[in-house]
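Remarks on the structure that follows.
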Amino acid sequence: MIVVSLIGLKKCGKTTTAEALIKEFKSRGYKVGGVKWMVHSRFTIDREGKDTWRHRDAGADFVISMSENELAFVGDRPERPVLDDVYKFVPEDTDILICEGLKDDSPYVQKVVLAKTLESLNETFKVREVSGRIIALSGIIANEVEEHPEYPIFDCTEPDGAQGLADLIIENAEG
């Protein structure tokens, strides 16, 4: 499975890039999954008083919520979840996993760093502690900068940008 992590600060184009890559890979016939890490969110589907909350309040270590077409796992983690925690939920036949906002230093994870401007790029590297297998830049910065001395830049709001980044991801997985 190819794993790609889109890393950037708020409102830099991560979701737009994720959407573009998912659409591009789906158009090529790949089975694609998405992971969304919400850095500053206290998001939970487990609201006080709801049935899942009541199960956990009664002492359940975890709850699985099911509806007609969806399944959700609710359970506390002793520490910040990592990519390895996600794998048990990813179907075995998944070809590509697009992770938005997930910091992971595994050597096989391809990273695309997103920024609003060239100035905010350095802040992104520092704040998100980006290291490892960085393959490209994308996001709003692609409107301002066409070339970077270290990394190719892709504007995924344009079809050829999404295609080019998808090609690079595939090439890096094969190489």
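The values are calculated or read from the model by the stated rules, or taken from the named source; none is laboratory data. Keep in mind that this is a model prediction, so the values were computed, not measured. In this analysis, Cβ positions are derived from the backbone assuming ideal geometry, glycine residues included, and neighbour counts consider all displayed protein chains.
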Every listed condition ((1) farther than 18 Å from residue 15 by Cα; (2) touching a residue at least 40 places away in the same chain (Cβ under 8 Å)) holds for residue 126 save (2)
Restricting the search to the stretch 85-101, which residues are out of contact with any strand residue (DSSP E or B) (no Cβ under 6 Å at 6 or more places or on another chain) and under 27 Å from residue 13 (Cβ atoms)?
85, 87, 89, 95, 101
Take the residues in the stretch 125-161 that are among the hydrophobic types (A, V, I, L, M, F, W, C), in a loop (DSSP other than H, G, I, E, B) and at pLDDT below 95, then tell me which one is surrounded by the fewest Cβ atoms within 10 Å (Cβ to Cβ).
145
Check the stretch 39-50 and report whether any residue there is crowded, with 17+ Cβ neighbours inside 10 Å, over 15 Å from residue 139 (Cα atoms) and at pLDDT 95 or above.
no
What's the number of the condition residue 80 fails, among (1) in contact (Cβ under 8 Å) with a residue 12 or more places away in the chain; (2) among the charged types (D, E, K, R); (3) within 22 Å of residue 3 (Cα to Cα); (4) in a loop (DSSP other than H, G, I, E, B)?
(1)
Exactly one of (1) touching a helix residue (DSSP H, G or I) at 6+ places or on another chain (Cβ under 8 Å); (2) farther than 19 Å from residue 23 by Cα is unmet by residue 161. Its number?
(2)
Some residue of the stretch 13-24 being at positive phi, under 14 Å from the mean Cα position of the chain (by Cα) and assigned to a loop (DSSP other than H, G, I, E, B):
yes
Residues in the stretch 93-123 that are over 20 Å from residue 3 (Cβ atoms), crowded, with 21+ Cβ neighbours inside 10 Å and not small (Gly, Ala, Ser) total 1
